[in-house]
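For reference, the structure discussed in these notes is given below.
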Amino acid sequence: MRRGYSCPILVGTLATVIGFATSAGAAGVACGVVQADDADVKAAWVALENECPCEVGQGPDWRKERSAFLACARSFAKDAAARGDIRRECRRDLLKAAKRSTCSRPETAVTCCKTTPRGSKSCSIYTRAEKCAPNSLRFAEVGETATCLDACDNLAGPACLTDAECQDGDPCTIDTCDPTNGCSNTPDPSCGSGGGSGGTSCSGTGSSTHGLSSQEQLLAQLINDYRKGSKLATCTSLNRAAQDHANDMRDRKYFSHTSKDGSRFWERACDAGYQQGCGPTTWMGEIIARTPWDSTAPYVFNLWKNSPGHDAQMTKESFAVMGIGYACGGALGDYWVVDFAAHDEPSCH
């Protein structure tokens, strides 16, 4: 029997002005959100290597050489931001690359990384390759530069150690580890297909349609009946953006307006074909909820109705269209997403 739990809900901040987060000069936007950030940081790293030579550390004084290299990297990152080669918000990312490298380390240095259960990466530099041992720091890699690194990315050892390493995000598979043959993910015969009508899949992962299921249609009706002003038309492109985000949160087990790839709701709308989300160039908003399994539209509607921030989004007069996504059967429950926008456009039809 699945246990109950609290039902967190989260409201999105309205994206307001035309041109928000569209240029590389957008201040205050985290590095990696602006499209050019990754390429700019990579190009800056190449230039940094030329200005702050990445050489093998020599003798017992390699620590001083390492300190000098990092001081050079800090100065370079500051100047690169001042020149506009990278955005100011990307200075830290460039410095992280320098610290993850083994520049000015002894030639025996290796960079060894492991991945936490939440998916984040933790890397350490060791001066002896044997520190990067199989089954200790299991995920090892050559660092940010190939100039002075020993390769430690082809470790011998078991293909996996625990069943937890084999989880594929699908609650309807049995995930097991065989140290010799690796992971296996077999269908769980006790897991039913479930799900609402209209194509919403409850199998945890997999495809789903972007049309509205019966529960999604009911949620649209409840929102419109509750609004005092104009009614909201459902928008095909926003349906796609909402459904894809609901699926992604369910399948990758997180709960946030920001996707795992760093995208925000207006950017997801843009990617789904809603042209005025590209910028954005109109008022937009998003509300999300994670609810117990087999929850219904009235259940999540009442959650939002009784939350002032969510209620304000559902009743905002300037909104004209909405898109709805419902992804059920996740390991942590069901996920609901509604994306709002102030303008109708061809992609909605």
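The values are calculated or read from the model by the stated rules, or taken from the named source; none is laboratory data. Keep in mind it's a predicted model, so treat the numbers as computed, not measured. Cβ sites come from the backbone with ideal geometry, for glycine too, and all protein chains shown count toward neighbours. For accessibility, only protein heavy atoms count, side chains too; no ligands or nucleic acids. Shrake-Rupley method; radii C 1.70, N 1.55, O 1.52, S 1.80 Å.
Residues of the range 270-306 that are among the charged types (D, E, K, R) and farther than 21 Å from MET249 by Cα: LYS305 alone. Answer yes or no as to whether ARG268 is open to solvent by 20 Å² or more (accessible area, probe 1.4 Å) and in contact with a Pro (Cβ under 7 Å, 6 or more places away or on another chain). When the stated conditions are applied, ARG268 does not pass them. In the range 227-241, what residues are among the basic types (Lys, Arg) and part of a loop (DSSP other than H, G, I, E, B)? Within the range 227-241, ARG227, LYS228, LYS231 qualify.
If only residues of the range 271-289 that are open to solvent by less than 40 Å² (accessible area, probe 1.4 Å) and out of contact with any helix residue (DSSP H, G or I) (no Cβ under 6 Å at 6 or more places or on another chain) are counted, the one that is farthest from GLU317 (Cα to Cα) is GLY279. Here are some residues: VAL41, VAL34. Which one is at pLDDT 80 or above and part of a loop (DSSP other than H, G, I, E, B)? Selected residue: VAL34, the only one of VAL41, VAL34 that is at pLDDT 80 or above and part of a loop (DSSP other than H, G, I, E, B).
For the range 34-61, name all the residues that are open to solvent by less than 30 Å² (accessible area, probe 1.4 Å) and under 20 Å from ARG105 (Cα atoms). Matches in the range 34-61: TRP45, LEU48, CYS52, CYS54, GLY57. Against the conditions (1) within 23 Å of VAL29 (Cβ to Cβ); (2) at pLDDT 90 or above; (3) open to solvent by 30 Å² or more (accessible area, probe 1.4 Å), PRO298 satisfies every one except (1).
Picking from residues in the range 301-349 that are among the charged types (D, E, K, R) and buried (at least 20 other Cβ atoms within 10 Å of the Cβ), the one that is farthest from THR258 (Cα to Cα) is ASP334. Looking at LEU212, is it open to solvent by 20 Å² or more (accessible area, probe 1.4 Å), in contact with a Pro (Cβ under 9 Å, 6 or more places away or on another chain) and either closer than 17 Å to PHE340 by Cβ or modelled with pLDDT under 90 (or both)? Criteria not met by LEU212.
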